[in-house]
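Taking it in order: structure first as structure tokens, then the write-up.
The values are calculated or read from the model by the stated rules, or taken from the named source; none is laboratory data. No experiment lies behind these values; they were computed from the predicted model shown. As a convention, Cβ positions derive from the backbone with ideal geometry for all residues, glycine included, and neighbour counts pool all protein chains shown.
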Amino acid sequence: MTGRMKFTLAVAALLVAAAVGTVLATRTHASERAPLSRISNEGHRVAVERSSVWGSFGLRSASLLAVRGARAVYRLESKGGPCVGAGPAQEPGNFGTVDCPRGPFPTSQRPVLDLSVYEGTSHDSHDVSLYRAEGVAADGVVSIAFLRPNGTVALKVPVSANVYEAGATPSGPVAGLVAFDASGKELWRSP
Amino acid sequence: MTRLALLLSVIAAAAAIGLAQPSSAAAGWCWPSCSGYGMLGPGTSTANGCWYYSEVCGGWGYWYLNGVMKTCYPGCDPYNGTNGKILYGFENRDRIRGNFTSYYGKRYVQPGELGMGGYLRAQVTWWAGTTSQINVAVAG
């Protein structure tokens, strides 16, 4: 083998190694991100009555993601893009609340859409408590923790089939939420 | 046009299910108007006795739906998040309840969803961060 051939082979090997490395790195990066950019639960189609309030808002279709206790959580499609909604479980297709984010959801930067209800009872303080915990989370999120103003956990709720819900909530102030993966690693914190 | 459509859709929707005569814009409440956005920040007030200081609220009524459109102002991150956090929902003489958001988008909430009913005020409150640019349309 001539020196020139050796050099050519070395360059080729280097290029192949670089290409393989790039592919592996990209795949690893993508596979880490994918669970936070996906909602695998497609739910079950429910009718959106054309005469209902939500039909008038341009909602095209609704899928029931889950029923938890007295609550139903939905994935919706509107003229403006995807939305999520929730309402009383005994009235399928009755959405008491709808959130239509502009832009992608879920993403690694926003894997949770919180529909929780917060309550204030003092005019002087901005402390709020949790009236109901509820929302939709990406595949990679396995639990949601609601935090006290001092950072301690007030309530931890499991995520199942991309939905979390807790009708029974602790009293006292709540100041945000955190999403965790299966290993307990913090994935996201509410703004 | 989008803002006007928001109120009209609220009113049309309420009309479609036969609620209290919202056959004209007078049946609802908008902020700052039914065709424009307003800035909600520290100190913004409708000066009509809302629950919090930095809050806009409508008059007392048997409201059916509160719709809020929040823009990217003063800027969105690549995922359409802003630094301005708002609370939107309803209030009565005892409490204020609602959902939080800091994202660009459109939301609707009914009083029953917040465990509330009867004589209420619809509200949107500046909660934290930068000023938010919003349009509020409420149907009764």
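Observations on the model:
- Among the residues of region B:89-140, the ones that are free of Cβ contacts under 8 Å to residues at least 40 places away in the same chain and among the small types (G, A, S) come to 7 in all.
- Taken together, A:S116, A:S183 contain a single residue that is touching a residue at least 12 places away in the same chain (Cβ under 8 Å) and among the hydroxyl-bearing types (S, T, Y), which is A:S116.
- Here B:W29 clears all of (1) in a strand (DSSP E or B); (2) surrounded by fewer than 21 Cβ atoms within 10 Å (Cβ to Cβ) except the condition numbered (2).
Residue-wise test of (1) surrounded by 14 or more Cβ atoms within 10 Å (Cβ to Cβ); (2) among the aromatic types (F, W, Y); (3) under 20 Å from A:V98 (Cα atoms).
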site	(1), (2), (3)
A:L130	yes, no, yes
A:V142	yes, no, no
A:F146	yes, yes, no
A:N162	yes, no, yes
A:E186	no, no, no
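- Residues that are touching a residue at least 12 places away in the same chain (Cβ under 8 Å) and surrounded by fewer than 16 Cβ atoms within 10 Å (Cβ to Cβ), drawn from region A:164-174: A:G167, A:P170, A:S171, A:G172
- Test: residue in region B:67-82 that is at pLDDT 95 or above, of a type in the set (V, I, T) and more than 15 Å from B:T125 (Cβ to Cβ): yes
- Entry remark, region B:53-66: residues being out of contact with any Ser or Thr (no Cβ under 9 Å at 6 or more places or on another chain), more than 8 Å from chain A (Cβ to nearest Cβ) and either free of Cβ contacts under 8 Å to residues at least 40 places away in the same chain or assigned to a strand (DSSP E or B) (or both) number 2 in total.
- Some residue of region A:72-82 being surrounded by fewer than 21 Cβ atoms within 10 Å (Cβ to Cβ), touching a residue at least 12 places away in the same chain (Cβ under 8 Å), facing chain B (nearest Cβ under 10 Å) and on the phi > 0 side of the Ramachandran plot: yes
- Residues of region B:53-67 satisfying the condition of being within 20 Å of B:K106 (Cβ to Cβ) and either touching a helix residue (DSSP H, G or I) at 6+ places or on another chain (Cβ under 9 Å) or surrounded by fewer than 20 Cβ atoms within 10 Å (Cβ to Cβ) (or both): B:W63, B:Y64, B:L65, B:N66, B:G67
- Per this entry, B:C50 is counted among residues that are over 30 Å from A:Q109 (Cβ atoms), within 14 Å of chain A (Cβ to nearest Cβ) and surrounded by 16 or more Cβ atoms within 10 Å (Cβ to Cβ).
- Residue match in region A:98-106 (condition: crowded, with 23+ Cβ neighbours inside 10 Å and more than 9 Å from chain B (Cβ to nearest Cβ)): yes
- Tabulated pairs, region B:67-88, first facing chain A (nearest Cβ under 7 Å), second crowded, with 24+ Cβ neighbours inside 10 Å and outside any strand (DSSP E or B), C-beta under 9 angstrom, 6+ apart or interchain: B:Y79/A:F105; B:N80/A:F105
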